[in-house]
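Single-structure report; data block below.
The values are calculated or read from the model by the stated rules, or taken from the named source; none is laboratory data. Computed from a predicted structure; not experimentally measured. As a convention, Cβ positions derive from the backbone with ideal geometry for all residues, glycine included, and neighbour counts pool all protein chains shown. These accessible areas exclude ligands, DNA and RNA; they are computed on the full protein's heavy atoms, side chains included. Shrake-Rupley method; radii C 1.70, N 1.55, O 1.52, S 1.80 Å.
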Amino acid sequence: MERFHHPQSGATTTNNSDLKRGKKRGSYNCGRCGLPKKGHVCNLTPSTTNTATTSPPTTDSSNSARCSTIDPSSHLHLRRALSFDDADDLRSGFHSDFDDIDEAEPVFDYPDIDPDSSGCLPASCLWEILRRLPPAGILSAARVCKGWRETTKKIWRAAEVLRLRVPPKAQFGFVGSLLQKCSGLVTLSLRLESDLDSMMLACIAFSCPNLEALEITKSQSSINRITGGELGRFVADKRCLKSLKMEGCSSLGSFSLCSSSLGTLWLSDLCSLSKMAFNCPNLKEISLEFSRHENDRTDLVAMVDGMVRGCPRLQKVHISSFRLSHAVVLALTAGQLRGLRMLSLVLGADITDASVASIASSYPNLELLDLSGSSISDSGIGMICNVFPDTLSRLLLALCPNITSSGIQFATAELPLLELMDCGMTICDPNSQDSTSEIGDHELSKPPNSKFHLIYQKLIIKHNHLKKLSLWGCSGLDALYLNCPQLDDLNLNSCKNLHPERLLLQCHSLRNVHASDCEELLVGAIRSQLKKAASPEENLLSCKRLADGSKRIRVPPLVSSLSSDNGSKRRRVGSHHCNIHVC
């Protein structure tokens with residue numbers, strides 16, 4: 001039986017080019033799940049929302065790439081009080097790729113890729129592999145083959161979040177070409193190790209038309225040369241911009257910001273601003289950190305007056321400057337910001353109890369209050385407790401030399417919703433030469449005004465909701481008694497005069513205790529108390545009643561261990577662990 005029939009000589013011959021090229025067939029596998037298409041009904045539906053958010057991993061790969069990702073902890077100093085929000089665990093304004101690993105992942109509409117041109121990998125597998133590479137890795141993958149090059153192009157177009165670290169030797173054209181690949185970019189975070197000028201800002205404005213969030217951080221060796229006029233034009237042109245965070249703004253001189261979409265503004269290292277104008281009706285969060293130099297000549301009263309007039313919807317205000325005074329507070333309270341919930345005025349040595357009274361009378365719904373570096377006393381704490389007992393959950397009073405342990409105890413007793421309290425460098429020993437201050441300015445080393453300020457004091461705190469307590473640099477504290485079942489983090493750095501026998505920690509939820517620059521005996525006492533609290537209690541199954549319930553008898557260890565293994569619903573004792581940081 002003849003199975004193959006050869007064409008006869010008179011038959012029509014096929015074109016040689018068609019024989020070589022063959023018929024173009026599509027992929028034999030599903031482009032969404034990777035399974036064979038024959039007899040297959042895909043349950044994955046295309047996402048009805050925006051395209052896939054492609055962001056590189058959070059690890060730094062600078063040794064093999066020109067551009068790589070940012071370490072989220074590198075720009076923590078951008079904010080102080082505003083960082084104690086619900087997203088504080090993220091350590092930055094950008095969401096990590098591994099935070100919601102238990103949540104349902106979004107469904108991607110994977111492109112159809114020819115298996116022969118992609119190394120016989122399914123489309124979903126290739127897409128998931130390439131989208132996890134850093135930018136330099138994606139550029140290298142585009143040189144492998146045609147299928148990979150087409151996939152990388154789609155990944156760049158689908159990217160919505162991009163984090164880049166630009167080394168000093170990186171050329172401007174390379175960064176511009178990289179941004180032009182991401183036509184749908186929404187969030188951009190740049191860590192610049194080279195100087196920042198108007199060319200880079202213009203490149204961002206041209207390459208990212210749909211940009212909503214921009215964060216620019218710099219290294220210590222780089223210089224930010226952006227002027228106030230250039231920044232104002234950038235904000236006015238980007239009508240979709242909602243969040244702007246920029247470091248090293250010492251060259252602004254003056255600025256005028258006009259935007260109807262901007263909701264978050266962070267500017268640091270400001271110095272000697274001559275003119276500041278705000279016209280941002282939807283701005284809700286602002287953070288202005290001025291340089292810590294004595295030659296700063298910024299008129300904060302005029303700045304705050306224009307800010308409250310041009311930004312009536314402010315909810316979070318953070319200002320850090322040595323020129324903060326009671327007049328600045330009066331200008332802030334005169335604006336009557338009805339939605340204000342978080343107020344942070346840091347390093348204002350001229351802020352007194354009168355300023356606290358003005359704040360309390362104008363903004364009775366504050367949830368966070370940061371007056372670190374001020375001159376308030378225990379009377380000011382009393383005003384805070386009388387006005388904010390039902391709203392205040394975070395209170396920061398570091399570097400306030402007129403506050404005593406009595407004021408701190410009164411605050412913890414009268415503020416039942418308090419979750420975070422910072423009292424660093426408040427209870428200090430005036431005779432000790434301590435250099436633990438993070439500011440290091442002579443204005444913050446003034447002696448306390450109170451004549452009854454004790455040298456050595458004791459602190460007793462009993463609170464049911466307190467989660468974070470900071471007592472760093474309290475060298476005048478010699479006794480500490482804590483009964484806080486929800487306390488998670490305790491900072492005792494540089495508490496040199498705290499006696500080990502006068503320390504009592506009844507905090508069963510403690511996970512981190514910071515005890516650097518403390519005596520070894522104190523560290524040993526902390527470790528022994530935490531170990532005793534975490535040690536397993538008496539075994540609940542070591543005794544067992546008889547069948548008639550008359551008396552209890554001791555169960556052998558083997559039977560006890562077996563029954564404890566079988567009882568999966570019984571609670572486990574002694575599984576809590578606490579870390580002590582002494583370095």
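Take 210-222, 148-160 and order them by the average number of nearby Cβ atoms within 10 Å per residue, most first; the result is 148-160, 210-222. Rounded to the nearest whole Hz, the Karplus-based 3J(HN,Hα) values (6.51 cos²θ - 1.76 cosθ + 1.60, θ = phi - 60°) of region 294-301 follow the sequence 6, 8, 6, 10, 6, 8, 5, 5, with x at glycine and proline. Taking a point 7 Å from the Cα of GLN336 along the Cα-to-Cβ direction, the residues of region 349-368 with backbone N closer than 18 Å to it are 358-366. Rolled with a 1.4 Å probe across the full set of protein chains, the surface gives PHE174 an accessible area near 50 Å².
Taking a cut-off of 22 Å, what percent of all Cα-Cα pairs in region 161-323 are separated by more than that? That tail contains 40 percent of the Cα-Cα pairs. Going down the list LYS242/LYS467; LYS316/LYS462; LYS153/LYS245; LYS468/LYS532; LYS181/LYS218, which pairs span over 27 Å between their C-alpha atoms? Among LYS242/LYS467; LYS316/LYS462; LYS153/LYS245; LYS468/LYS532; LYS181/LYS218, the Cα-Cα distance tops 27 Å for LYS242/LYS467; LYS316/LYS462; LYS153/LYS245.
Phi-derived couplings, Karplus 6.51 cos²θ - 1.76 cosθ + 1.60 at θ = phi - 60°, listed residue by residue for region 366-372: 5, 9, 9, 9, 10, 10, 5 Hz, with x used for Gly and Pro. The label point for SER406 and the one for ILE223, both projected 7 Å from the Cα toward the Cβ, are 5.4 nm apart. Every Cα-Cα pair of region 203-270 was included, and the share exceeding 20 Å stands at 24 percent.
Note on GLU150 and ASN279: with the Förster distance fixed at 35 Å, the Cβ-Cβ geometry gives a FRET efficiency of about 0.15.
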